[in-house]
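Just so it is clear, none of the values below were taken in a lab; they were calculated from the coordinates. Every value quoted in this text rests on a predicted model; they were computed, and no experiment measured them. Positions of Cβ are backbone-derived with ideal geometry, glycine not excepted, and every protein chain shown enters the neighbour counts.
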């Protein structure tokens with residue numbers, strides 16, 4: 001799966017380089033912000049009632065690199081290489097359990113935009129693949145961390161590969177170094193549950209609030 005991610009990134013970068021030789025408006029940039037994640041469950045789980053009552057969003061950082069390949073004034077192709085966390089938190093009184101799952105993610109977005117040199121609105125949508133790199137489980141009682149355990153996906157009941165669709169809407173300010181603000185939703189299609197003792201389906205979902213700058 002790592003080969004798939006690397007190959008996808010190389011193809012996106014090659015496409016950008018080829019296009020940049022033909023036009024001078026290919027853009028590279030960075031994006032950063034916050035991500036609010038939850039695990040979407042389907043089916044019957046022994047902990048379904050507890051999870052529904054006590055689950056809250058996991059808040060974590062999201063950052064990455066963007067590559068914009070213009071097609072015309074209103075349409076662009078936008079591959080990205082992102083690093084973010086998926087997962088879930090559960091709160092019961094002062095006790096908080098957090099499951100952080102670190103991912104390398106590669107969305108390829110089709111972007112429509114309209115506006116002027118001062119501000120442009122945009123809508124972008126496209127597929128995204130991801131590969132999990134680590135899992136961090138943490139128990140906290142109030143401000144005290146009771147336990148913290150880090151492990152790889154191969155030592156967990158979760159599959160590292162994830163795929164789904166990303167949909168974002170926002171505004172770009174070309175005069176301010178191409179700064180843009182975006183709200184994005186990601187919905188996973190892949191059942192990442194790899195437990196041999198349950199058929200409970202688990203999918204990633206998250207909301208991103210980010211700012212990006214282009215060079």
Efficiency of FRET from Cβ geometry, residue 185 and residue 25, R₀ 22 Å, rounded to 0.05: 0.20
Whether the stretch 117-199 is rounded, prolate or oblate, judged on the alpha carbon gyration tensor where a/c under 1.5 counts as rounded: oblate
Among 94-105, 64-75, 138-149, 110-121, the order from most to least packed when residues are scored by Cβ within 10 Å on average: 94-105, 64-75, 110-121, 138-149
Additional length obtainable on full extension of the chain from residue 71 to residue 134, 0.36 nm per residue less Cα span: 19.0 nm
Additional length obtainable on full extension of the chain from residue 194 to residue 209, 0.36 nm per residue less Cα span: 2.4 nm
For 54, 208, order by how many other beta-carbon atoms lie within 10 Å, fewest first: 54, 208
Förster radius 30 Å - calculated FRET efficiency between residue 169 and residue 42 (Cβ-Cβ, nearest 0.05): 0.65
Sequence of 81, 109 once ranked by neighbouring C-beta atoms within 10 Å, starting from the fewest: 81, 109
